[in-house]
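First up is the structure itself, then whatever we jot down about it.
Only the coordinates and a few stated rules stand behind these numbers; no lab work does. Not measured: the values here are computed from a predicted model. Backbone-built Cβ (ideal geometry, glycine too); neighbour counts: all protein chains shown.
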Amino acid sequence: MKTRSNAYWDRRAQQRMAEYHRDADTTIRTVTRAYQRAQKDIQFEIDQIFKTFSKDMDPKRAKRFLNQKIPNPLMKLAQKWYPLVENEQIKRWLLARINAPAYRARISRLQALKEQIALQSKLIADVELTASRSGYMKTIRKSYYRSIFDLQKGIGFGFNFARMPLRDIEEILLNPWSGIHFSSRVWTNTEYLAAQLTDVATSGFMSDISSAKMAQQLADAMQVGLFVASRVIRTEVTYMSNAGEMAAYREAGVDQYQFMATLDSRTSKRCREHDAKVYDVADAQPGKNMPPLHPWCRSTTRAWFGEEAIAGMQRRARDPQTGKTMLVPANLSYNDWYKQYVLAA
C-alpha cells in the first residue's frame, strides 16, 4: 500500500509543531497575568511609601523612615493566599511565615517591602509551575495521539495502538533532558527576580530617585523575568511535543525519524546542520539529535519508514476475525478519529 507523499509528512509535522506552540501561548498568557498582578501589587506598596515622603526627602531621612517599625502587614496577605496556592513547597513556605513569631511582630517598612516582593515572586512561581505542568501534559498527550492520527491518515489504515499511560507522560515530564529540570529553572528565575526587585526598591529609596524612574526599573526587571519564563516554556514545549511523538513512533513500530528544522531567517546553525538527517528512534536524544537543540528551538521530526514498518503496521490493522484492514477515510477529522480510536477503545 502506498503512503502519502513526502510533502504530506513534512506539512503535517510542521502543522503539529505550530499547534503545540499555539497552546504554549495560553500558558504564557497565564504566566504574564501573574507577572502583571505582582508588578501592580509591588508598585502599590512602593507608591504608598512615596506618598509619605516629601519631594525633597534625602537618603538619610528615607533610611530612617524605612527602618521605622510597623505591624507586619503581610500576615493577612499570606493567610489569604495559602488556600489558593497549589505548589506544596510554596504552601510550606507560606505556612512557615504565618507561624513564625517574627512574622507576627512589628517589622521595618523596608523589611515589609522585601517580604512583599518575596511573596509575589513565590506566587508567580506557583502560577508558572501549575500552568506549565498542565500545559506540558496536554502537549505530550496531544503530540502522541496527533502523530498516531497522521500516521494512520498517511498510510490509509487504522492500526491498533495503546493509549498513552500516565506513567509514560510523567516520565517525559520529569526528565531533566537539558541537565536541569524545568521546575528548577522556574525557581532560579523567580528567586533572581525577587533579588532584582529588592535591589530596585532599596537602592531606589537610598539614592533618592523619582517614583516614575523606580516604576520603570521595576517594569524592566519584570520584563526580563517574563522573557526568561517564556523562553523556558517555549523550549520545554518543543521537548515535550517531540518526546510525545517519539513515543508514538515506538508504539507504531516506526524505527526511524527525520529531523525537520523550521527554515527561515531565525533558524539556528545547529538545526540547519541536522535538517533532513535520519536517526534511529532508539537513539533519539534531545539536545543532540532530537529537538530542542537550543533555547527557543522550533524544530520537529517526522516518521521515516520503509516497507517493513508499513507491513508491520498493516498486520496490526487487520481484523483478527475478518482479516480485513481497517481503512481510514481521507476526510476523517482528528476529533472524529479521537472519539473512534481513543475514547471508544
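Normalised by the number of residues in region 6-343, the average gap of Cα pairs under 8 Å and 6 or more apart makes the relative contact order 24 percent. A straight Cα-to-Cα reach below 14 Å connects Lys122 with the aspartates and glutamates Asp41, Glu86, Glu88, Glu191, residues fewer than 8 places away in its own chain not being considered. Under Stokes-Einstein, with the Kirkwood radius over Cα pairs as Rh, the value for region 6-343 at 25 °C and 0.890 mPa s is 107 µm²/s. Which of these, Lys153, Lys63, Lys114, has the largest mean-square fluctuation under a Gaussian network model of the chain (Cα springs below 10 Å)? Of the options given, Lys63 has the highest mean-square fluctuation. Computed on region 106-192, with alpha-carbon pairs under 8 angstrom and 6+ residues apart, the relative contact order is 45 percent.
Restricting attention to region 6-343, close to 95% of DSSP beta bridges with both partner residues there are antiparallel.
Our helix-only sum for the chain, with -39,500 (n - 2.57) per DSSP H run of n ≥ 4 divided by its residues, gives a mean residue ellipticity at 222 nm of -22000 deg cm²/dmol. One equal scatterer on each Cα of region 76-168, no solvent, Debye formula: the resulting log10 I(q)/I(0) at q = 0.19, 0.23 Å⁻¹ is -0.91, -1.14. Quick note on region 9-80: its Rg to Rh ratio, both from C-alpha atoms and Rh being the Kirkwood radius, is 1.35. Exposure proxy ranking for Ile117, Ile49, based on other Cβ atoms within 10 angstrom of each Cβ and starting from the fewest, stands as Ile49, Ile117. Counting neighbouring Cβ atoms within 10 Å and putting the fewest first, the residues Ser210, Ser183, Ser241 line up as Ser210, Ser183, Ser241.
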